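Colleague: The structure follows.
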Amino acid sequence: MWHPILRTLVKVAVASLVVGTILAHFGITAEQLMREFGLSADRLEDYARRGVAWALPNVLLGSLVIVPIWFLAYLFRPPGQSSSD
């Protein structure tokens, strides 16, 4: 019924909601957890920016090789065979 990736994202979202609700019931906040691990919102934002800055060029470079290979495999697959097999 649902695409497997979408189904997994829904499961992760529901599990996160349940765990977040339990932690909130015990008075544990995101700020407390970040402080306990020595993090701040600015530091997390910096880590995220640096991660994207590293990953994006590598993903684009890899796609220059992977996309043409996928396209050729798609073009030359036997007739009548669906891509979900």
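Quick note: the coordinates plus some simple rules give every number you see, no bench work behind them. These numbers come from a predicted model, not from an experiment. Note that we place each Cβ from the backbone using ideal geometry, even for glycine, and neighbour counts take in every protein chain shown.
Colleague: Can you tell me how much longer the chain between GLN32 and ALA55 gets when fully stretched, taken as 0.36 nm per residue apart minus their C-alpha distance, in nm with one decimal?
Modeller: 5.3 nm
Colleague: Tell me the angle of helix 41-75 to the major Cα principal axis of the chain, expressed in degrees between 0 and 90 and rounded to the nearest ten.
Modeller: Here the helix axis deviates by roughly 10 degrees.
Colleague: Okay, next question. Compute the Cα gyration tensor for the chain, then decide on rounded, prolate or oblate, letting a ≥ b ≥ c be the square roots of its eigenvalues: rounded whenever a/c is under 1.5, prolate when a/b is larger than b/c in the other cases, and oblate in all that remain.
Modeller: oblate
Colleague: Of all the stretches in the chain, which is the longest one without any exposed loop site, taking chymotrypsin sites (Phe, Trp or Tyr not before Pro) in a DSSP loop (any state but H, G, I, E, B) with at most 11 other Cβ atoms within 10 Å?
Modeller: 38-75
Colleague: Can you tell me the orientation of helix 4-25 relative to the chain, as the angle in degrees between its alpha-carbon axis and the longest Cα principal axis, to the nearest 10?
Modeller: Tilt of helix 4-25: around 0 degrees.
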